[in-house]
Amino acid sequence: MLQIQSISKQYKTGDFIQKALDNVSLNLRDNEFVAILGPSGSGKTTLLNIIGGLDRYDSGDLVINGTSTKQYKDRDWDSYRNHTIGFVFQSYNLIPHQTILSNVELALTISGIPRSRRRQRARKALKQVGLGAHINKKPNQLSGGQMQRVAIARALVNDPDIVLADEPTGALDSGTSVQIMNLLKEVAKDRLVVMVTHNPELAHEYATRIVELRDGVIRSDANPYEPSAAEVKPAVHRTMGRASMSFATSLALSFNNLKTKKGRTLLTSFAGSIGIIGIALILSVSTGVNAYIDNIQRDTMTAYPITIDSQTFDMTSIMGAQAGGRDNESSSGKTDGIYPDDRSIKQTASLTSSITKNNLTDFKKYLDNPKSEIRQYIGGAGIQYSYDVKFSVFDHDPDGTLVNADGVTIGAASSSSMASKMSSMGPSASMSDVTSMQMSMLTGKTDTNAAPDSFHEIMPGANDSRLISKVVTDNYRVVRGAWPTAKDEVVLVLDDDNKVPLTTLYELGLLKASDYTTMMNDIDAGNKITTPTAKINYDTALNQTLYMIPASDQYVKGEDGNYTYIGDNADEISSRLDSATKLKIVGVVKPIQDASATPLAAGVGYTRALTDDLIEHADASAIVTDQKVNKTRNVLNGLTFSPSDDATKAADAKTYVASLGVSDKANMAKALAQTMQAATAQGQAGATAGTAGATGAAGAQNMAAMDEQQLAASLDQYIATASQDALVAIYDQYVSTGTYDDNLAAFGVVSRDAPSTINIYTDSFENKDHISQAITDYNKTVDKADRIVYTDYVGLMMSSVTTIINVISYVLIAFVSVSLVVSSIMIGIITYISVLERTKEIGILRAMGASKRNVSQVFNAETGIVGLTAGLIGIGVTLLLIIPGNMLLHHLIGTNDVNAYLPVQGAVILVILSVILTLIGGLIPSKKAAKQDPATALRTE
Ligand code: ADP
Ligand code: MG
């Protein structure tokens with residue numbers, strides 16, 4: 001029994017108040033067919049909506065089977081609609097994009113009934129209304145009458161106690177109307193049917209009771225029902241339980257929904273995906289550009305590592321002095337006289353003062369400490385320590401002449417000429433070569449006993465056990481043979497034009513040494529020179545044998561226990577070639593096209609294995625062992641290293657003279673005599689001059705007539721009788737003992753703790769800056785003398801580039817952010833519109849008993865799916881667009897190095913983003929839609 005007790009309902013539109021129902025009371029039997037008649041606007045729909053729980057009454061009470069609905073909450077109403085009520089509307093209100101089977105199933109879906117039972121019951125209901133054959137049709141494929149029958153089937157499928165029909169025949173012709181009325185009459189057999197109509201004939205013919213409504217007031221009732229006191233118990237509140245739909249169901253429902261309107265979904269998704277495409281494209285380009293920039297940085301930093309030499313001079317301070325000079329001084333604006341320009345002098349001063357020795361031993365300790373700040377910035381190529389291993393290489397030229405690859409033999413004619421030195425460096429000289437050259441120019445010092453200039457160690461792997469760094473193998477290709485794999489294997493390095501400096505070729509014996517001598521003489525004489533340009537076969541190079549003799553093996557122990565250097569003695573060297581290490585040229589390599597770094601100078605490359613071997617060899621050699629046994633006595637001449645007392649000096653002077661050969665003695669005798677003459681002439685009757693009387697002033701005059709033998713004898717005679725002071729004077733002038741450390745260095749002893757050069761590789765300019773900072777920090781912690789000075793070439797070259805790169809990065813980030821914001825808004829709007837457009841559907845769902853939550857769930861699931869599709873379409877389209885995009889990019893930029901690509905991570909994030917954005921975009925309208933009064937929603941067209 002349904003009791004409507006004094007229900008009033010009014011609508012407020014602005015200031016206007018419309019009384020739709022005015023104190024309506026009506027009792028309805030459990031089983032009757034009630035027709036409500038009345039003109040338009042009399043409140044029929046309002047009454048029906050209130051009975052059906054679609055609309056709320058303002059006052060009064062609706063009592064359902066003794067249950068007051070005064071305290072009903074939303075979910076009680078939802079459940080009430082779902083379980084107790086079946087709605088039939090004038091405009092059918094079928095969901096157009098679903099099959100009629102799905103339309104009928106809807107109420108069951110909302111109640112959370114399993115699919116198979118849903119199907120079965122929906123079919124049964126459809127059969128009941130005579131549409132068993134049309135279940136897979138869409139509503140627009142049916143006639144009006146058929147659609148209304150579907151609506152009735154839908155109303156019946158839940159087997160409700162009450163069926164409410166709002167002008168069910170209003171849009172139908174009379175014939176069809178009769179069919180529908182018959183159907184409703186059938187339905188009314190075992191339940192309450194309340195039908196609104198303004199067709200009195202039909203009402204009178206079919207209904208069992210007619211209620212007339214006018215201006216919100218009941219005017220007549222054909223068959224009033226006054227329940228007995230026993231039937232009317234005081235109304236109590238009872239909850240109805242809830243209509244439940246799981247999230248999975250709503251997802252499936254949405255998915256079905258979307259499936260039935262593929263075109264629309266795709267269109268919406270595509271619209272949403274445009275934003276994603278925008279972001280994805282910009283992300284791809286920026287990823288490509290960033291990768292390119294990173295590559296350039298890594299390549300640059302591999303080509304120009306931070307190089308710290310054991311002896312260095314600070315280019316930065318010199319360049320600073322140069323740059324600072326003019327602006328500051330000339331701007332003093334003095335025009336009243338002559339002023340000295342001291343810039344070049346200052347520059348020279350800064351050159352001299354900027355030469356420093358670096359304590360690489362301590363610095364290496366710092367670098368090797370895993371806890372050091374600097375370690376985190378080291379790049380893939382790592383830190384490379386170079387050691388000054390000392391060896392000589394000899395070979396035979398095509399004529400069979402023994403050639404010293406140090407350039408000593410062949411370069412004898414002009415070994416001092418800078419031209420020869422420069423030419424041997426070749427065009428691909430590394431930065432450190434330049435530095436060392438500048439060093440020798442400045443200091444006038446050259447390391448006479450070092451590895452040949454054309455021999456370079458090949459950069460070894462950093463963290464792996466590779467003999468040759470990946471940087472090298474990646475940037476060079478083997479044109480013949482292979483990379484070396486052992487200590488006695490070397491490669492010939494060509495430049496990218498297949499060239500090797502001419503001097504190097506001479507030094508390696510690949511060209512005739514005599515030609516080189518002629519050529520150098522011609523240069524010195526200012527004659528026109530001809531240089532050989534003919535091809536040398538790869539195999540000629542591969543067949544050349546290089547004899548390597550370590551520095552320590554270039555000394556021979558004499559009978560007196562002293563060692564003699566034989567490295568410059570061709571005969572001695574020749575006799576040792578058989579026992580020398582034979583370096584095999586196993587390959588010819590050259591830089592690949594577009595090599596990013598060319599760490600190998602043209603010439604011969606040997607491996608770290610040879611360096612290691614040489615270090616061990618020197619340590620184990622006899623001369624080094626002998627020198628180490630007695631650290632105060634020079635094994636080369638038997639003299640004491642820097643003696644402090646005159647007696648030792650005098651004794652050493654004697655030993656020294658005794659060790660000399662006849663010609664050396666003769667020369668020394670001549671030189672001494674001259675010195676003495678000069679001293680005498682100036683009237684300095686010193687000790688030296690006095691004793692000089694032994695050989696005598698007369699003797700000095702005779703000297704010219706003496707032969708070498710006699711001169712030597714006279715020197716011996718003089719030494720034998722010379723005073724200690726005279727001997728000390730001779731010692732100071734002629735004897736240089738060197739130092740213990742100099743000796744060991746000359747023999748090729750290298751401490752692993754004291755590299756000659758440290759190359760620190762990084763992968764980016766930023767890390768390079770961090771490393772510079774770390775070194776600055778390191779310098780603060782150590783003594784002044786131990787501070788590390790180096791030239792930051794990359795810093796000098798790249799400071800503006802770094803700024804540009806930063807600007808580019810920020811611009812790209814800005815682009816991505818802007819496109820992100822724009823597309824978020826776009827996706828939001830599209831979702832909003834698509835939800836708004838379905839207000840009616842929401843109304844239908846609500847009428848079926850879907851709760852607000854159900855509705856927003858369905859819509860959220862749907863927007864989620866749309867978002868996912870949008871994301872996937874966006875990624876797919878982007879991937880396709882990138883292909884022509886890259887072509888265009890390559891064409892525009894003119895390089896293939898910039899490749900836009902979408903990182904997987906970015907793609908995943910974008911899809912998730914798309915889902916989230918559409919969800920957010922849909923959330924607000926779906927919330928709004930769900931909140932919408934179902935009655936209003938249904939009135940929406
Ligand atoms: P009927 O179905 O008998 O034609 P209704 O119940 O639809 O009449 O409407 C009754 C009165 O309430 C009408 O005057 C109508 O204009 C008004 N009305 C109905 N719904 C609303 C609404 N949502 N807002 C304002 N006025 C409304
Ligand atoms: Mg109406």
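The values are calculated or read from the model by the stated rules, or taken from the named source; none is laboratory data. Fair warning: this is a prediction, and the values are worked out from it, not measured in the lab. Cβ atoms come from the backbone with ideal geometry, glycine included; neighbour counts cover every protein chain shown. Accessible surface is based on the protein model in full, side chains and every heavy atom, while ligands, DNA and RNA are left aside. Shrake-Rupley method; radii C 1.70, N 1.55, O 1.52, S 1.80 Å.
Residue pairs whose Cβ atoms lie under 6 Å apart, sitting 6 or more positions apart in sequence or on different chains, and linking a residue in the stretch 521-546 that is part of a helix (DSSP H, G or I) to a partner that is open to solvent by 80 Å² or more (accessible area, probe 1.4 Å), are Tyr538/Arg480. Looking only at residues in the stretch 483-499 that are closer than 23 Å to Ala580 by Cα and open to solvent by 40 Å² or more (accessible area, probe 1.4 Å), the one that is farthest from the chain's Cα centre (by Cα) is Asp488.
A Cβ distance below 6 Å, combined with a sequence gap of six or more or placement on separate chains, defines the contacts here; from the stretch 34-49, residues that are under 15 Å from Val217 (Cβ atoms) and assigned by TED's automatic domain parsing to the domain that holds Thr197 reach residues that are at pLDDT 90 or above and within 8 Å of ligand 2 (Cβ to nearest atom) in the pairs Ile36/Lys44; Ile36/Val196; Gly38/Lys44; Lys44/Val196. Out of all the residues in the stretch 15-66, which are over 27 Å from Ile842 (Cα atoms), within 8 Å of ligand 1 (Cβ to nearest atom) and buried (at least 16 other Cβ atoms within 10 Å of the Cβ)? Gly38 - this is the single residue of the stretch 15-66 that is over 27 Å from Ile842 (Cα atoms), within 8 Å of ligand 1 (Cβ to nearest atom) and buried (at least 16 other Cβ atoms within 10 Å of the Cβ). Contact map, the stretch 209-234: first residue over 22 Å from Phe33 (Cβ atoms) and within 16 Å of ligand 2 (Cβ to nearest atom), second residue open to solvent by 70 Å² or more (accessible area, probe 1.4 Å) and at pLDDT 90 or above, Cβ cut-off under 6 Å, separation 6 or more or different chains; pairs are Gly216/Lys19.
Residues checked against (1) of a type in the set (A, V, I, L, M); (2) within 16 Å of Leu183 (Cβ to Cβ); (3) touching a Cys at 6+ places or on another chain (Cβ under 7 Å):
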| site | (1), (2), (3) |
| --- | --- |
| Arg118 | no, no, no |
| Arg121 | no, no, no |
| Gln128 | no, yes, no |
| His134 | no, yes, no |
| Gln141 | no, no, no |
| Gln148 | no, yes, no |
| Val157 | yes, yes, no |
| Glu167 | no, yes, no |
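Here Pro168 passes the criteria (1) assigned to a helix (DSSP H, G or I); (2) closer than 17 Å to Ser91 by Cβ except the one numbered (1).
Hey, could you check the stretch 385-404 for residues that are among the small types (Gly, Ala, Ser) and in contact with a strand residue (DSSP E or B) (Cβ under 8 Å, 6 or more places away or on another chain) and say which is farthest from Leu360 (Cα to Cα)? Walk me through how you get there before you give the answer.
So in the stretch 385-404, the residues among the small types (Gly, Ala, Ser) come out as 386, 392, 400.
Restricting the remaining residues to those that are in contact with a strand residue (DSSP E or B) (Cβ under 8 Å, 6 or more places away or on another chain) gives 386, 392.
Numbers: Ser386: 11, Ser392: 26 Å.
Ranking the qualifying residues of the stretch 385-404, first place goes to Ser392.
Filter the stretch 125-177 down to residues that are open to solvent by 60 Å² or more (accessible area, probe 1.4 Å) and within 60 Å of the chain's Cα centre (by Cα) and give me whichever is nearest to ligand 2 (Cβ to nearest atom). Applying the filter and picking the extreme gives Asn140.
On the basis of being touching a Pro at 6+ places or on another chain (Cβ under 6 Å) and touching a residue at least 12 places away in the same chain (Cβ under 8 Å), does Met181 make the cut? Don't jump to the end; show me each part of the working.
Numbers: touching a Pro at 6+ places or on another chain (Cβ under 6 Å): no; touching a residue at least 12 places away in the same chain (Cβ under 8 Å): yes.
It is false that Met181 is touching a Pro at 6+ places or on another chain (Cβ under 6 Å) and touching a residue at least 12 places away in the same chain (Cβ under 8 Å).
Pairing each residue of the stretch 639-658 that is under 14 Å from Tyr718 (Cα atoms) with any residue that is open to solvent by 60 Å² or more (accessible area, probe 1.4 Å) and of a type in the set (Gly, Ala, Ser), provided the two are 6+ apart or on different chains, yields C-beta distances under 9 Å for Lys654/Ala720.
Counting just the residues of the stretch 99-112 that are open to solvent by 10 Å² or more (accessible area, probe 1.4 Å) and modelled with pLDDT under 85, which one comes out farthest from ligand 2 (Cβ to nearest atom)? Only one residue fits best here, namely Gly112.
Name the residues in the stretch 798-824 that are among the aromatic types (Phe, Trp, Tyr) and either in contact with a helix residue (DSSP H, G or I) (Cβ under 9 Å, 6 or more places away or on another chain) or not in a helix (DSSP H, G or I) (or both), would you? Of everything in the stretch 798-824, just one residue is among the aromatic types (Phe, Trp, Tyr) and either in contact with a helix residue (DSSP H, G or I) (Cβ under 9 Å, 6 or more places away or on another chain) or not in a helix (DSSP H, G or I) (or both), namely Phe815.
Return the only residue of Leu610, Leu583 being farther than 23 Å from Pro305 by Cβ, assigned by TED's automatic domain parsing to the domain that holds Arg466 and aliphatic (A, V, I, L, M). Let's see the steps before the verdict.
On the way: Leu610 fails: farther than 23 Å from Pro305 by Cβ.
Criteria check complete, one pass: Leu583.
Determine, yes or no, whether Ser68 is within 16 Å of ligand 2 (Cβ to nearest atom) and in contact (Cβ under 8 Å) with a residue 24 or more places away in the chain. Before the answer, list the steps.
Values: within 16 Å of ligand 2 (Cβ to nearest atom): no; in contact (Cβ under 8 Å) with a residue 24 or more places away in the chain: yes.
Considered against the rule, which asks whether it is within 16 Å of ligand 2 (Cβ to nearest atom) and in contact (Cβ under 8 Å) with a residue 24 or more places away in the chain, Ser68 comes out as no.
Of the numbered criteria (1) more than 16 Å from ligand 2 (Cβ to nearest atom); (2) more than 20 Å from Val217 (Cα to Cα); (3) crowded, with 22+ Cβ neighbours inside 10 Å, the one Ile7 fails is (2). For Leu583, the criteria (1) closer than 30 Å to Arg298 by Cα; (2) at pLDDT 90 or above; (3) of a type in the set (A, V, I, L, M) hold in every case but one, which is (1).
Residues that are modelled with pLDDT of 85 or more: find the helices (runs of 4 or more DSSP H) completely inside the stretch 392-492 holding 1 or more of those.
Details: elements: 418-425, 431-443, 470-475.
The qualifying helices (runs of 4 or more DSSP H) are 470-475.
Restricting attention to the stretch 12-50, the residues that are outside any loop (DSSP other than H, G, I, E, B) and either in contact with a His (Cβ under 7 Å, 6 or more places away or on another chain) or within 13 Å of ligand 2 (Cβ to nearest atom) (or both) total 11.
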